[in-house]
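Values quoted throughout were computed directly from the atomic coordinates according to the rules given, and no laboratory measurement underlies them. Only a predicted model underlies this, so the values are computations on that prediction, with no experimental measurement involved. Counting neighbours? That spans all protein chains shown, and the Cβs are built from the backbone with ideal geometry, glycine included.
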Amino acid sequence: MKKLFVIASLAGAIGLPLTGHALEFNALQPDKSSLGFTYKQMNVAMQGRFRKFTGQVRFDPAKVSNASVNLDVDLASIDTGSPEGDDAVAGKQWFDTRAHPVAHFTSSRITPLGGNRYDVAGELSLKGRTQPVSAPITVAVEGGNAAFDGAFVIKRADFSIGEGPWADFGVVANEIRVTFHVIAAGK
């Protein structure tokens, strides 16, 4: 304890800060990140993921009011667990990836909730429709990286996902839970 006091006194005497300045985390690491979803099909829990997404993250814990997120998801990169399922979901009745190849999220506000928790609000554009979404997230900073973890629920009917015979919510539930683990490096 005495040693720590001596170091702190010396650092203060010569004007050195004891803590490093906050990093802005702004280099998205898609290869270390994941974007998944869960839903119920005929009341059975199912899950999948998207293999490709890009974007920009800007987050400085000391300046949350300047934080922002923009993500683009390649909808054709869907992985439902089967090639037939992937092809069906890319089709016109589901994502219609020929006409709408990308889903886009843009944050409008990031609000501190205390500790390492935040609320991210913004707009999700998918299949030609835009809806507001909000997600509580946790941020874990380790070394030069920050991990952003959270989830939110969308209603597929809000985006016309699952048309025709697939519009029946008894077959595929209306609620889709989107989960994410996003890693960004700091500068």
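Applying the condition of being within 22 Å of Thr97 (Cα to Cα), out of contact with any Phe, Trp or Tyr (no Cβ under 8 Å at 6 or more places or on another chain) and aliphatic (A, V, I, L, M) to region 121-156 and asking which residue is surrounded by the most Cβ atoms within 10 Å (Cβ to Cβ) yields Ile154. Being in contact with a Phe, Trp or Tyr (Cβ under 8 Å, 6 or more places away or on another chain), closer than 30 Å to Leu23 by Cα, surrounded by 16 or more Cβ atoms within 10 Å (Cβ to Cβ) and of a type in the set (Val, Ile, Thr) is a property that Val178 has.
The number of residues in region 19-63 that are among the aliphatic types (A, V, I, L, M) and surrounded by 14 or more Cβ atoms within 10 Å (Cβ to Cβ) comes to 6.
Scanning region 50-73 for residues that are closer than 18 Å to Leu124 by Cα, out of contact with any helix residue (DSSP H, G or I) (no Cβ under 9 Å at 6 or more places or on another chain) and either among the hydroxyl-bearing types (Ser, Thr, Tyr) or part of a strand (DSSP E or B) (or both) returns Gln56, Val57, Ser68, Val69, Asn70, Leu71, Asp72, Val73.
Where strands (runs of 3 or more DSSP E) sit wholly within region 96-187, none has at least 3 residues that are in contact (Cβ under 8 Å) with a residue 60 or more places away in the chain and in contact with a helix residue (DSSP H, G or I) (Cβ under 7 Å, 6 or more places away or on another chain).
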